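Each remark here refers to the structure printed beneath this line.
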Amino acid sequence: MPNPAPEKRLVLRMLDLWRKARKDAPLPHASDITVADVGADAGHVYLIDVLDPAGPRYLYVGSALQAPGSPGSGTLVAEGNDETVLTLTSRHWREIVERHVPVTRGGVGRHAGRSVLYRSIMMPLVDDSGRITTLMGAVNWRALEEQHGTAAE
């Protein structure tokens, strides 16, 4: 029997990686899934430390997410620019911590000054005590073509 085609959707590749890292546990340990594990998708990945005393802070921001005005590693999530897919997709971090499940989002937003259609996922990772310490997110997008029309007179 032939091997199935590789999954084309980033969100589903990330969810599959998260599920494999989880093994039989309710949630995967933060050390069981790293940026290195995501391979070629690392540029679209970010990590958030939800226990930083100053507030949730980006631990890692992939290269594809680093647009002008975009927060970088070490920046507080609350300091993000609303004109980036990174900030748009990470602002709901609290929901993942409260629900203890991966959450996907998609829709229209802005990134680097352009309208985009995006899809994202954010997944909880725990420490040895089972407490969520880190969130791993991933997002991809494509630019929307602006529609130019003429007004009826």
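The values are calculated or read from the model by the stated rules, or taken from the named source; none is laboratory data. Model, not experiment: these values are computed from the prediction. Glycine gets a Cβ as well: all are built from the backbone with ideal geometry, and neighbour counts include every protein chain shown.
Please work out which one of (1) part of a strand (DSSP E or B); (2) free of Cβ contacts under 8 Å to residues at least 12 places away in the same chain is the condition Arg19 fails and give its number.
Checking Arg19 against (1) part of a strand (DSSP E or B); (2) free of Cβ contacts under 8 Å to residues at least 12 places away in the same chain, the one that fails is (1).
Of the residues that make up segment 84-102, is at least one under 24 Å from Arg19 (Cβ atoms), assigned to a loop (DSSP other than H, G, I, E, B), free of Cβ contacts under 8 Å to residues at least 60 places away in the same chain and of a type in the set (Val, Ile, Thr)?
yes
Does Thr75 count as farther than 22 Å from Val108 by Cα, at pLDDT below 95 and of a type in the set (Val, Ile, Thr)?
The answer is yes for Thr75.
Could you tell me which of the residues Arg105, Arg94, Arg119, Arg114 is more than 17 Å from the chain's Cα centre (by Cα) and of a type in the set (Lys, Arg)? Lay out the reasoning, then the answer.
Values: Arg105 fails: more than 17 Å from the chain's Cα centre (by Cα); Arg94 fails: more than 17 Å from the chain's Cα centre (by Cα); Arg119 fails: more than 17 Å from the chain's Cα centre (by Cα).
Selected residue: Arg114, the only one of Arg105, Arg94, Arg119, Arg114 that is more than 17 Å from the chain's Cα centre (by Cα) and of a type in the set (Lys, Arg).
Considering each of Ala42, Ala78 in turn, give the residue that is under 25 Å from Arg131 (Cα atoms) and within 12 Å of the chain's Cα centre (by Cα). Can you show your working first?
Details: Ala78 fails: within 12 Å of the chain's Cα centre (by Cα).
When all the criteria are applied, what remains is Ala42.
Does Pro53 satisfy the condition of being out of contact with any Leu (no Cβ under 9 Å at 6 or more places or on another chain) and touching a residue at least 12 places away in the same chain (Cβ under 8 Å)?
no
Are any of the residues in segment 40-49 part of a loop (DSSP other than H, G, I, E, B) and surrounded by 15 or more Cβ atoms within 10 Å (Cβ to Cβ)?
no
State whether the residues of segment 65-77 include one that is within 18 Å of Thr34 (Cα to Cα), part of a loop (DSSP other than H, G, I, E, B), among the small types (Gly, Ala, Ser) and touching a helix residue (DSSP H, G or I) at 6+ places or on another chain (Cβ under 6 Å).
Among the residues of segment 65-77, not one is within 18 Å of Thr34 (Cα to Cα), part of a loop (DSSP other than H, G, I, E, B), among the small types (Gly, Ala, Ser) and touching a helix residue (DSSP H, G or I) at 6+ places or on another chain (Cβ under 6 Å), which makes the answer no.
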